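Enquirer: Please find one structure pasted underneath; my questions will follow.
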Amino acid sequence: MNLPTASTAPTDCGVVWNNTFAALGPAFFTRLAPTPLPAPHWVGSSDALAQELGLNVDWFHSDTALQVLSGNQSLSGTDPLASVYSGHQFGVWAGQLGDGRALLLGQTAAGIEVQLKGSGLTPYSRMGDGRAVLRSSIREFLCSEAMHALGIATTRALCITGSPEPVRRESIEAAAVVTRTAPSFIRFGHFEHFASRNQLGELRQLADYVIDRHYPDCRNSPHFDGNAYAALLHAVSERTASTAAQWQAVGFCHGVLNTDNMSVLGLTLDYGPFQFLDAFVPNHICNHSDTQGRYAFDRQPNVVYWNLLRLGQALQPLIGAPALAMAALDSYRTRFPAEFMRLMRAKLGLPSTQSAQTGEADVMDGLLRLLVADAVDYTIFWRRLSQGVAQNDFAPVRDLFIDRTALDAWLLSYKELTALIDKGLSANLMLKTNPKFILRNHVGEQAIRAAQQGDFGELRTLQTLLARPFDEHPGFEAYANFPPAWASTISISCSS
């Protein structure tokens, strides 16, 4: 990653802007300009994403871009706005929420929305200050791009700009703005907002907008008696199930799965108190603010379904018959376990072309029990197992376990299960499925601490490694090692 540098560059960013969300009308948003960020500087950026968006590279490397993406200068063709939504937070109805520190600039010609997060107060800021801090912005920037490289549906991050402006969280921190992108930032909470107010015209308008832009096949669905809104709920449930299964398979803890943090496109949205598992502890709680453990890792699939039920409840006035809504939601309960099993089979090197064998579920269940019993590092285990299959040497895998007798018994059952599978093909599948590099809390924390001192080298290194997480990257093994003892003291809360 090369940070943009101030240069003489065209004022034209190269993108023809649109804002179809603005066409929905004032009930859905408030137009306002970003709050200027004093003395901005570049922290991190993605030239690859800039090119995907069609941005003029010279413009992106200019001081003009720095000012625009810090909220200090308007960009011709954009139409900044903050959207309103409501939602359930920690299982409790929270009422009206909204974009309290984010502004949607507009959409590119390809329909990708660009949003500034941390761009100042909006009418929906409630008790907040409208700002993001450098710490949380780095975490979102790195993790959203890491998730994309892992093949998990997510928002993307274009850049971070920083400022010496002080922002109070648990302590005084430096302000930052992260520019993020997605095909849409519409959440379950957008639907809940209008349903809760019995604004059925706006509810239908929003649903039609989402269908027409993102789920056009719902108009001609042969299922659900041709009910497009039931088909929409079905489609959202399936996408959400696939994403949730990927979280569980890779060991990703979201940390705050409120309905206002759930994307109608099944994207991983709003990176706050997230964490990738170190030791495999299924009931791990990554969010210091989650005192009841509602969003513990092993509870995520059920919480996601609970959130879908809230979306179904919001759409009920449009769907009509409750039976249709429940039938649409049933797709989650079938899609999630099927997708999770598919992913776990790939992690074990079982090709999708091979039919499921008797005993596969027992092998998987037995393995997970062993990982729990010895609190084995989740990512390192899968990578070493992949290499063990590739090299026919499982000694490094055995080194991870205390109860090696139990592990040897499991390895025997695993070898019996895979006896007829080509080991080269199996190893290749596993090495492309089980990453070597993930964004562990401690490596992210090291990048944050360096950045707070003005050193962005660690951020750039992590960005490079996480962009190709399945590669070996010789010389950078330390970034894939076990977490140090101090990592357990890192506290991640909703303010993150």
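Enquirer: When you check SER242 against the structure, is it hydroxyl-bearing (Ser, Thr, Tyr), at pLDDT below 95 and in the same structural domain as TRP306 (by TED's automatic domain parsing), yes or no?
Expert: no
Enquirer: Out of GLY189, GLY151, GLY201, which single residue is assigned to a loop (DSSP other than H, G, I, E, B) and either closer than 22 Å to THR259 by Cα or touching a residue at least 60 places away in the same chain (Cβ under 8 Å) (or both)?
Expert: Of the residues listed, the single one that is assigned to a loop (DSSP other than H, G, I, E, B) and either closer than 22 Å to THR259 by Cα or touching a residue at least 60 places away in the same chain (Cβ under 8 Å) (or both) is GLY151.
Enquirer: Select, from ALA207, ALA249, ALA174, the only residue that is over 30 Å from LEU368 (Cβ atoms), not assigned by TED's automatic domain parsing to the domain that holds GLY87 and not hydroxyl-bearing (Ser, Thr, Tyr).
Expert: ALA207
Enquirer: Would you say GLU165 is in the same structural domain as GLY25 (by TED's automatic domain parsing), in a loop (DSSP other than H, G, I, E, B) and of a type in the set (D, E, K, R)?
Expert: In short, no.
Enquirer: Answer with yes or no whether LEU116 is under 19 Å from LEU24 (Cβ atoms), assigned by TED's automatic domain parsing to the domain that holds LEU24, among the hydrophobic types (A, V, I, L, M, F, W, C) and crowded, with 19+ Cβ neighbours inside 10 Å.
Expert: no
Enquirer: Evaluate the range 60-82: report whether one residue or more is in contact with an Asp or Glu (Cβ under 7 Å, 6 or more places away or on another chain), at pLDDT 95 or above and crowded, with 22+ Cβ neighbours inside 10 Å.
Expert: Yes, the range 60-82 contains a residue that is in contact with an Asp or Glu (Cβ under 7 Å, 6 or more places away or on another chain), at pLDDT 95 or above and crowded, with 22+ Cβ neighbours inside 10 Å.
Enquirer: How do the pairs read when you match residues in the range 443-454 that are surrounded by 16 or more Cβ atoms within 10 Å (Cβ to Cβ) with residues anywhere that are at pLDDT below 95, using Cβ under 7 Å and keeping only pairs 6 or more apart or on different chains?
Expert: GLU445/ILE490
Enquirer: Can you name every residue in the range 290-312 that is surrounded by 19 or more Cβ atoms within 10 Å (Cβ to Cβ), small (Gly, Ala, Ser) and outside any helix (DSSP H, G or I)?
Expert: ALA296
Enquirer: Moving on to the next point. Failed condition for PHE191, given (1) surrounded by fewer than 24 Cβ atoms within 10 Å (Cβ to Cβ); (2) at pLDDT 95 or above; (3) out of contact with any strand residue (DSSP E or B) (no Cβ under 7 Å at 6 or more places or on another chain), with all others met?
Expert: Against the list (1) surrounded by fewer than 24 Cβ atoms within 10 Å (Cβ to Cβ); (2) at pLDDT 95 or above; (3) out of contact with any strand residue (DSSP E or B) (no Cβ under 7 Å at 6 or more places or on another chain), PHE191 comes up short only on (1).
Enquirer: What number of residues within the range 144-183 are among the polar types (S, T, N, Q), buried (at least 24 other Cβ atoms within 10 Å of the Cβ) and touching a Pro at 6+ places or on another chain (Cβ under 8 Å)?
Expert: 1
Enquirer: Would you call ASN258 over 27 Å from PHE224 (Cβ atoms) and touching a strand residue (DSSP E or B) at 6+ places or on another chain (Cβ under 7 Å)?
Expert: Yes; evaluated as a whole, the condition is true for this residue.
The values are calculated or read from the model by the stated rules, or taken from the named source; none is laboratory data. This one's a predicted model, so the numbers in the text were calculated from it and none came from an experiment. Here Cβ is always computed from backbone atoms with ideal geometry, including for glycine, and neighbour counts include all displayed protein chains.
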